[in-house]
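Notes follow once the structure below has been shown.
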Amino acid sequence: MTSNQPTPGTGWTPADANAPYGGGSAPTQPYGMPQNGAPYQQGQFTQPVGGAPQPSPQPQPEPQPKKPWYKKWWVWLIVAIVIICIISGSKAGNKDSAQPASSSAASSQSTSSATASASSASGTMDTEGDVGNYHVKLVSAVKSSADYQGKDTIIVTYEWTNNSDSATSFAAAVNPKVFQNGVSLNIAVYTESPQGYDPTSELNQVQPGATQDVTLAYTLTDSSDVTVEVDDLLGVGASKVTHTYTLS
């Protein structure tokens, strides 16, 4: 017969027979709870069996979706450049196509002065024409009194118009020459100037658009014909006004 009396020295009581865990005090914390009494939360440490608490893996961030190509700024920059090039090319084509019509209209409205300019560009002009920026006309070539050496002379009258943008003189604008027998004549010097002769006229300043008469005298070598020429001051232009006079 078993005695319900406690065994001396063990500290066991009959109430311990009905206690869970076979006696002794029950655990102070429920299973799965940390000792400090706070339950484990998701993302905190978990208690693996037989080891120290380990951190649970963190979720990886989702990759950002790539921006569509049509939302990139450089794509629209390229598109804008292409559009500008197309518009510029179209305007240039329209301008080129309009030029023939403008040229035809200008040709139909050309005046006699334009014809004279075209003639001057072609070369030699008789009596009158454009020499560079100046319009020159040979008015006359007349025998005059003898020079200081007693030689016969001829006075040539020129009419010229300054069509340049600045004032200038006949001497600084063109190059007049007189030939007899193919040789140029020298400027005549008088002891007394003949009537109608102004030796300084070629030096007078003439404003743009103004016209002036210039007289120059030359010493003759004989009574043969005289050829008068007026060309560019430097002699490099293709245009030239000329005429041959018979002495009377």
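Each reported figure results from applying straightforward, stated rules to the coordinates on display, with no laboratory input. Predicted model only: the values in this text are computed from it and were never measured. Because the Cβ atoms are built from the backbone with ideal geometry, glycine has one as well, and the counts that use them run over all protein chains shown.
As a rough footprinting exposure proxy, the listed residues Phe170, Phe179 were ranked by other beta carbons within 10 Å of their own, and the order from fewest upward is Phe179, Phe170. Overall, the ratio between the Cα radius of gyration of the stretch 123-245 and 2.2 N^0.38 Å, rounded to two decimals, is 1.03.
Total lysine pairs in the stretch 123-245 at Cα distances under 15 Å, for residues eight or more apart or on different chains: 4.
Give the relative contact order (percent, whole number) for the stretch 123-245; include only Cα pairs under 8 Å separated by 6+ residues.
It comes to 36 percent, rounded to a whole number.
What does the net charge come to around Ile154 if you take all other residues with beta carbon closer than 15 Å to its beta carbon, with K and R at +1 and D and E at -1? Before the final figure, lay out each step's value.
Numbers: positive: Lys143, Lys151, Lys177; negative: Asp147, Asp152, Asp222, Asp225, Glu229.
Around Ile154, the surrounding residues sum to -2.
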